[in-house]
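Here the structure comes first, spelled out in structure tokens, and everything after it is commentary.
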Amino acid sequence: MLRNVFFPKGFVTLVGAGPGDVDHMTLGALKALQTAQALLYDALVSEDILALAPARCVKICVGKRGDRLSISQSNTNALMVKLVERGLHVVRLKGGDPSVFGRVEEERQYLEAHGIRHKTLPGVTAASAAAAQFQFPLTHRGEARALTFLTGRTKDGDIDLRAEGVSDPMTSLVFYMSSHNVAHIAETLTNAGRTADTPVAIVENAGRPQAQLRTGRLAELALLVKAAAFAGPVLLGVGAAFAYARDIDLTVSTVRYA
Ligand SMILES: C[S@@+](CC[C@H](N)C(=O)[O-])C[C@H]1O[C@@H](n2cnc3c(N)ncnc32)[C@H](O)[C@@H]1O
């Protein structure tokens, strides 16, 4: 049986919810959510996952989606502390894995500066969910010996060419937050030495029933993204491993085991 007695009064659990499907949550994440007294969640956390929290739990969306207006990071931090000071178990629920472009370190440091105890639970990052759903590897013997996660959106709008492997054909690149910047990414990678025929895969809503895959070559990346007119979260994969992406029957990837 799940009880609240396992943690002291006033505690924060920073939880990775995975990319949307309840089946991608860890058992620890599920238990934390079921014992939450206050829940601060990201915009990308699905309704199905939110429904797992107790009905009496306070639920507040603190999510950020691209350029849209949302609560600032400093307000989220302050809210966490305010709720914890009431003696609640606060769950800070993040999409995917908290340690991948999740600002988790900023939140941990803030909690520590306020003397608040906390624990972090990992989650399935969107790249892993996309790879499983569309059946491509992220590394592949002899073809992709390294993997780099990058952000397509930095403060100055550029991608970081110092990142290890950007020009190495044996490195798989996965871009998060990249859908508005694909033409620039393609041009930058080409200038860095990636060939025009490098395989690319673009996955929208990875891990969810409405997921979509587009595949092609680096030279046509911008056109592929424009034609798809994605509305959901999008990941971009560049490198040899992405040539294995399969246009699968989505009813197979949503098969349940109970
Ligand atoms: C702020 S980052 C958070 C990443 C998250 N912590 C993770 O581990 O997946 C948000 C970006 O992650 C990617 N993303 C998150 N969920 C996704 C999904 N279900 N499908 C495709 N991309 C996703 C998108 O690139 C989105 O812009």
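Derivation of every value follows stated rules applied to the coordinates shown; laboratory data play no part. Just so it is clear, the model here is predicted, and its values are computed rather than measured. Here the Cβ is made from the backbone with ideal geometry for all residues, glycine too, and neighbour counts use every protein chain on show.
Quick look at the numbers
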read-out: Region 4-124 - percent relative contact order, Cα under 8 Å, separation 6 or more; value: 43 percent
read-out: Rounded to whole Hz, the Karplus (6.51, -1.76, 1.60) HN-Hα couplings of region 190-206, x for glycine and proline; value: 5, 4, 7, x, 6, 7, 4, 8, 4, x, 10, 9, 10, 10, 9, 6, 3
read-out: Farthest toward positive dipole pole in the chain [+1 Lys/Arg, -1 Asp/Glu at C-beta], among Val100, Thr195, Ala17; value: Ala17
read-out: Region 136-241: antiparallel DSSP beta bridges as a percent of all, rounded to 5; value: 70 percent
read-out: 222 nm mean residue ellipticity, helices alone, for the chain (DSSP H n ≥ 4; -39,500 (n - 2.57); rounded to 500); value: -6500 deg cm²/dmol
read-out: Solution diffusion estimate, µm²/s, Stokes-Einstein, the chain, Kirkwood Rh from C-alpha pairs, 4 °C, viscosity 1.567 mPa s; value: 67 µm²/s
read-out: Burial ranking of peptide ranges 144-153, 88-97 (average Cβ count within 10 Å, highest at the top); value: 88-97, 144-153
read-out: Karplus 3J(HN,Hα) series, Hz, for region 166-182 with 6.51 cos²θ - 1.76 cosθ + 1.60 (x for Gly, Pro); value: 4, 9, 7, x, 8, 10, 7, 10, 10, 9, 8, 6, 10, 5, 8, 10, 5
read-out: Whole-number Å³ per residue for the convex hull built on Cα positions in region 4-124; value: 92 Å³
read-out: Where only C-alpha atoms are counted, convex hull volume of region 127-244 per residue in Å³; value: 89 Å³
read-out: Dipole moment magnitude, nearest 20 debye, the chain about Cα centre, only Lys, Arg, Asp, Glu C-beta charged; value: 960 debye
read-out: Spacing of the two label points (7 Å from each Cα toward its C-beta) at Ser74 and Glu164, in nm; value: 3.5 nm
read-out: Proximal aspartates and glutamates to Lys119, defined as alpha-carbon separation beneath 15 angstrom and excluding residues fewer than eight positions away on the same chain; value: Asp97, Glu105, Glu106, Glu107
read-out: Gap separating the Cα centres of region 180-207 and region 107-121, nearest whole Å; value: 37 Å
